[in-house]
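Just so it is clear, none of the values below were taken in a lab; they were calculated from the coordinates. These figures come from a predicted structure and were not determined experimentally. FYI the Cβ positions are ideal-geometry reconstructions off the backbone, even for glycines, and counts take in every protein chain you see.
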Amino acid sequence: MSSSSKSISNNYKTSVLEEEEEFSLVVSKGRDLLENKAEFQTDEWAWTRDLDDGGIFFFCYLLIDYRQQTLNKNSLRESVHTLNLLLNKMVPPREKTGLPLLGEFQVIFTLYERLKREEMTWDDCEKYIMEQISEHQNSN
């Protein structure tokens, strides 16, 4: 392997590790918020205790919309579960897409922002996600 190939490989590994670290940091802060802030200790927020790491990541992102009153509590809950479902059902495995961890979430966030402006069928969502994945692959 040439030194430039090693450098590219090392840069990619560093980038992947940084993204995973950023993801873990957001999830850790989100869990800390949910476990320690009095606001989230009521029964109305019990659903957050069952979220996986992806759900916590989505929750942290959507909490901004909740705070800005774009989403109410019920919409926040539905949106977190829906985005997590979309991530798990529509985005192919990382090995097939080549997307980094945060790239997968970015595809879903892009879809979420579009869905806030217009209604889309499930098929349209799948098509849009595949277009976003393709764009991401072409940009790398």
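Side notes on the structure shown:
- For region 91-133: rounded, prolate or oblate by the Cα gyration tensor [a/c cutoff 1.5]: oblate
- For the chain, the tally of Lys pairs with Cα-Cα distances below 18 Å comes to 7, considering only residues 8 or more apart or on different chains.
- Karplus-derived HN-Hα couplings along region 53-68 (A = 6.51, B = -1.76, C = 1.60, θ = phi - 60°), whole Hz, x at Gly and Pro: 4, x, x, 5, 4, 4, 4, 4, 5, 6, 4, 4, 5, 5, 5, 7
- Using a Förster distance of 30 Å, the FRET efficiency for TRP45-GLU95 (Cβ separation, nearest 0.05): 0.30
- A dipole drawn for region 3-139 from +1 and -1 charges on Cβ atoms has a positive end, and of THR121, GLN137, LEU86 the residue lying farthest that way is GLN137.
- Look at (1) 70, 31, 25; (2) 58, 36, 23; (3) 40, 39, 35: the one that is Cα extents along the principal axes in Å derived from this structure is (2).
- Approximating the spin labels as points 7 Å out from Cα along Cα→Cβ, the MET130-to-SER75 distance works out to 3.1 nm.
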